[in-house]
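Take a look at the structure set out below.
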Amino acid sequence: MTHDAIVTMRGGFDARDFVEVARNAIAERRIQLAHRFHEGTHVNHILARQSEFVDRLLRELWQGMAMPDDSCLVAVGGYGRGRLFPYSDVDLMILFPSRPEEEQQSRIEGFVGCLWDCGLDIGFSARTVDECLEQSARDITVQTTLLEARRICGSAPLFERFEAAYRLALDPHEFCEAKLLERQQRHTRYNDIAYSLEPNLKENPGGLRDLQIIIWIARASGLGSSWHALTAHGIVTEQEAARLARHENLLQSLRTRMHYLVNRREDRLVFDLQSRLAREMGLVEKSDRRASEQIMQRFYRTTKSVLELSDIILANLRGRLFPVSDTGPIAVDHRFQIRNELLELRSESLYDDEPAAILETFLLWQRHPEVKGLAASTLRALWHARRHVNRAFRSDPTNRQAFMQILRQPSGVTHTLRRLNRLGLLGLYVPAFGRIVGRMQHDLFHVYTVDEHILTVVRNLRRFAIPEMSHEYPLCSRLMSEFARPEVLYLAGLFHDIAKGRGGDHSLLGKVDATRFCRAHGLSAEDVALVGWLVEHHLTLSITAQKKDLTDPNVINTFADVVQTDRRLVALYLLTVADIRGTSPKVWNAWKAKLLEDLFRTTRKVLGGSTELPAGSVQDRKDKVLVKLQAYALSPGVEERLWARLGDGYFLRHDAGEIAWHTRQLFFRVDTKEPVVRARLSPIGEGLEVMIYMPDQKFLFARICAFFERLGYNIVEARIYTSRDGYALDSFLVMDPGGLARSHYRDVISYVEHELAGVLREAGPLGAPARGRVSRQLKAFPLTPEVTIRPDERIQYFYLNLIAGDRPGLLSLVARTLSEYNIDVQTAKINTLGSRAEDVFLLKGDVLRDPKKVIRLEADLIHQLEAKG
């Protein structure tokens, strides 16, 4: 589209005609450029042509609307670079010699309105030169936007005056410090993790923004605006420049493809786009990896390399901009010295001459708290020294000793492992770790890649060892302070998921890797065995606590037989807490914490020779409850009728605190025909504990589940008890996903008690299960439901194990199906891990003894779980 074309068509300028022709031209141009891009035209050419096309369109509109001759239309921000992504914002500034008059302001609004009508997303400002300088001095974002200002049309002298004034006012030192702080804050906002499963191509650590920051600082410092210019100034090497250009090309290509795929601006690699992108790029499924996992691993490794290189280059730039008066080096030993609080090499060829110095660098950094970091020259030397980390390096006893010393230091362990990973050294030293760098986990609850999850688990273990963090998990901190040789825990954390994605049981495969590594690194036979055992059983405590009945003495005894020793138990408990906390910020909650701690404490008693199992004797439990009831001045014997109705089985399912609460609420309502609903803040400190007592009715469990689902509450545990004469006493622990505000919890409790009682009193037909949106991750990576039903050891009850994609209405759907088969739910443990539900039900019913009916029940449940899953 050109200026002449419109004039020829219309014989004069008309805004409505312009908008109509421009909208068609924009759509046509996008199609043309998309076709060229998919045919193989380099992404930089595509972005430049898109920018040039918009330039021509803007010039024509500017001239057609007769904008003021003394003003100037300026491209700023990303558009100012002359590289425009297909659906990115067009950032514009109109520069005026003085504040525009009312008539000019009206013309500006018409100009911008036309651009919006054309279908362009406009970022717009109107400023004088003085306003540019004033706002730039106050706001680093404005200052950065104006750094790349480019005149499109209008007054050239005015633009030159702006450029001169801006350059005069720009302080490269302040600009550099502000951008580095902004980078640090952005990384913190993204948890300093480049490997979230739905990353933002621009903003994630290692994304396009990190590359842009280098160019911005270089441009503000007069060192050029390209990788070639930085090479000429000695800031980057030719090899580094080539690598940076390659990474930038990949990130820009991915972003361009995403824009064309969805026909709008999209910078997040969301799950549903990952598969579509992979198909478009010609990647095919492999036996061990989806096509989407291949493209994402390439992306993660690119961002990791960007982080490594940007650290080196920014350190060089900072050193060029902020030369520190040299106070002279302080010798550490014959190979290292400290200069200006940074660790540097005494010889540039040190790593080539003595590769063992690679790991020693990090060990010295840990041992010298006065060292604030590594000198830019040291970082660069480490980057280029990676070729020395080979089989011979890994076999060298000196290097093995150095690695173990890193893990045994009192501080800096997590930081060092992360730095080794960022530089690519950890994956070279532990090749099994290198294979899982950037590997995704599509299990619907891990939110990080495997390597990032592993390092987060090690970080969590380290936090248990830091006295200042003891308030977070007091029990874990106390256990860690008493645990000899904690490096075995860090090794278990490092290897627990290291075999993910190989096929087979990753726990057993990881045990082989861990055992071999520990033997090679000189651990005692006892510690080698412990690390291997922890890797093999790192899921055992979690599965037992969250899926089995902890009131069953057989469950505790079986678990104790697996653990065998107190040291193993403590180590497994610490690793399990660190592991669950490292999957996702949303997975850990007070209920899981209590389950794990209850299993730990009970098992510890058993291992110590105690015969007191979780339930204890029924009489012991009653005695403890009576002591609690005395504190409420209840008359002796008020409990007898209620307890006689409930029977001994009830006392084996609840602790003394729960029984005392139930008794206080029910001793005067034993024969009630009306539903009794009572709720309280859960004693574990999170969620509500809700009790329902009433004559049993069909679909009772399903009604209660549906009620909480409509409220948006998550049921995490249910204990269903029915007396011999047909009274139900059901207990639920429910969580509010948004967090229950302490300021209005009484209103919530009153609402639950009143409304749920009303629902149960009416006992009308069951409504349709709640419907809601399925998560993006579950849509992109659907989970095939798994349902298994098996008897307990005494064939008295049956366990239903269910794994499915979580969605609203899931639990009430299961409850309804079980009721239709006349199956009673005795207990339910509802374990939601992100978008994955792993629920366990203890069931009772004659139908469960008929194998053919069990097969039909399993098929019905799978069918229900698959529906709209």
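The values are calculated or read from the model by the stated rules, or taken from the named source; none is laboratory data. None of the values given here were measured: they were computed from a predicted structure. Neighbour counts are summed over all protein chains in view; Cβ atoms, including those assigned to glycine, are modelled from backbone coordinates with ideal geometry. Surface accessibility is based on the protein's heavy atoms, side chains included, excluding ligands, DNA and RNA. Shrake-Rupley method; radii C 1.70, N 1.55, O 1.52, S 1.80 Å.
Across the range 157-177, what is the total count of residues that are open to solvent by 30 Å² or more (accessible area, probe 1.4 Å) and within 23 Å of Leu321 (Cβ to Cβ)? I'd like the intermediate steps shown before the answer.
Initially, the range 157-177 is screened for residues open to solvent by 30 Å² or more (accessible area, probe 1.4 Å), giving 157, 160-161, 163-164, 167-169, 171-174, 177.
Next cut, within 23 Å of Leu321 (Cβ to Cβ) only: 163-164, 167-169, 171-174, 177.
The qualifying residues number 10.
Can you go through Asp352, Asp326 and tell me which one is open to solvent by 50 Å² or more (accessible area, probe 1.4 Å), in contact with a Lys or Arg (Cβ under 8 Å, 6 or more places away or on another chain) and either assigned to a helix (DSSP H, G or I) or at pLDDT below 90 (or both)?
Working: Asp352 fails: in contact with a Lys or Arg (Cβ under 8 Å, 6 or more places away or on another chain).
Going through Asp352, Asp326 in turn, the sole match is Asp326.
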Looking at the range 503-519, I want the residues that are closer than 15 Å to His537 by Cβ and open to solvent by 20 Å² or more (accessible area, probe 1.4 Å) and have a partner that is assigned to a loop (DSSP other than H, G, I, E, B) and hydrophobic (A, V, I, L, M, F, W, C) with Cβ atoms under 9 Å, at least 6 apart or on another chain. Which pairs are those?
Asp505/Ala499; His506/Ile498; His506/Ala499; Leu508/Ala499; Leu509/Ile498; Leu509/Ala499; Lys511/Ala499; Val512/Ala499
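Out of everything in the range 491-506 that is part of a helix (DSSP H, G or I) and at pLDDT 95 or above, what residue ends up being farthest from Leu420 (Cα to Cα)? Spell out how you get there, then give the answer.
As a first pass, look at the range 491-506 and keep what is part of a helix (DSSP H, G or I): 491-495, 506.
Still in the list and also at pLDDT 95 or above: 491-495.
Numbers: Leu491: 15, Ala492: 18, Gly493: 16, Leu494: 13, Phe495: 16 Å.
My answer is Ala492.
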Please verify whether Ala229 is free of Cβ contacts under 8 Å to residues at least 60 places away in the same chain and either of a type in the set (Ser, Thr, Tyr) or within 23 Å of Phe37 (Cα to Cα) (or both), treating the condition exactly as stated.
no
For the range 463-490, which residues satisfy the criterion of being small (Gly, Ala, Ser), open to solvent by 20 Å² or more (accessible area, probe 1.4 Å) and farther than 23 Å from Ala402 by Cβ?
Ser470, Ser481
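Have a look at Gly685, Gly657 and point out the one that is open to solvent by 40 Å² or more (accessible area, probe 1.4 Å), in contact (Cβ under 8 Å) with a residue 24 or more places away in the chain and over 21 Å from Val825 (Cβ atoms).
Details: Gly657 fails: open to solvent by 40 Å² or more (accessible area, probe 1.4 Å).
Only one candidate qualifies: Gly685.
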Residue within the range 822-837 that is surrounded by fewer than 18 Cβ atoms within 10 Å (Cβ to Cβ) and either of a type in the set (Phe, Trp, Tyr) or farther than 29 Å from Trp591 by Cα (or both) present
yes
Flag if Leu309 is in contact with a Leu (Cβ under 9 Å, 6 or more places away or on another chain), closer than 24 Å to Gly207 by Cβ and open to solvent by 20 Å² or more (accessible area, probe 1.4 Å)
no
Applying the selection to the range 78-131, what residues are farther than 26 Å from Val43 by Cβ, free of Cβ contacts under 8 Å to residues at least 60 places away in the same chain and assigned to a loop (DSSP other than H, G, I, E, B)?
Ser98, Arg99, Pro100, Glu101
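What residue, among those in the range 330-346 that are in a strand (DSSP E or B) and not hydrophobic (A, V, I, L, M, F, W, C), is modelled with the lowest pLDDT? Give the derivation first.
Taking the range 330-346 and keeping what is in a strand (DSSP E or B), we get 330-331, 336-339, 342-345.
If we keep only those that are not hydrophobic (A, V, I, L, M, F, W, C) too, we end up with 337, 339, 344.
Details: Gln337: 92, Arg339: 87, Glu344: 92.
Among them, the one singled out is Arg339.
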Tell me which helices (runs of 4 or more DSSP H) are completely within the range 371-458 and hold 2 or more residues being touching a strand residue (DSSP E or B) at 6+ places or on another chain (Cβ under 9 Å) and without any contact (Cβ under 8 Å) to a residue 40 or more places away in the chain, or say none if there are none.
376-384
If you take the residues of the range 226-276 that are over 17 Å from Leu309 (Cα atoms) and part of a loop (DSSP other than H, G, I, E, B), which of them is modelled with the lowest pLDDT?
Val270
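Among the residues of the range 780-810, which ones are assigned to a loop (DSSP other than H, G, I, E, B), over 30 Å from the mean Cα position of the chain (by Cα) and more than 19 Å from Ile830 (Cβ to Cβ)? Give the derivation first.
Taking the range 780-810 and keeping what is assigned to a loop (DSSP other than H, G, I, E, B), we get 781-785, 792-797, 806-809.
Remaining after also requiring over 30 Å from the mean Cα position of the chain (by Cα): 792-797.
Of everything in the range 780-810, those that are assigned to a loop (DSSP other than H, G, I, E, B), over 30 Å from the mean Cα position of the chain (by Cα) and more than 19 Å from Ile830 (Cβ to Cβ) turn out to be Asp792, Glu793, Arg794, Ile795, Gln796.
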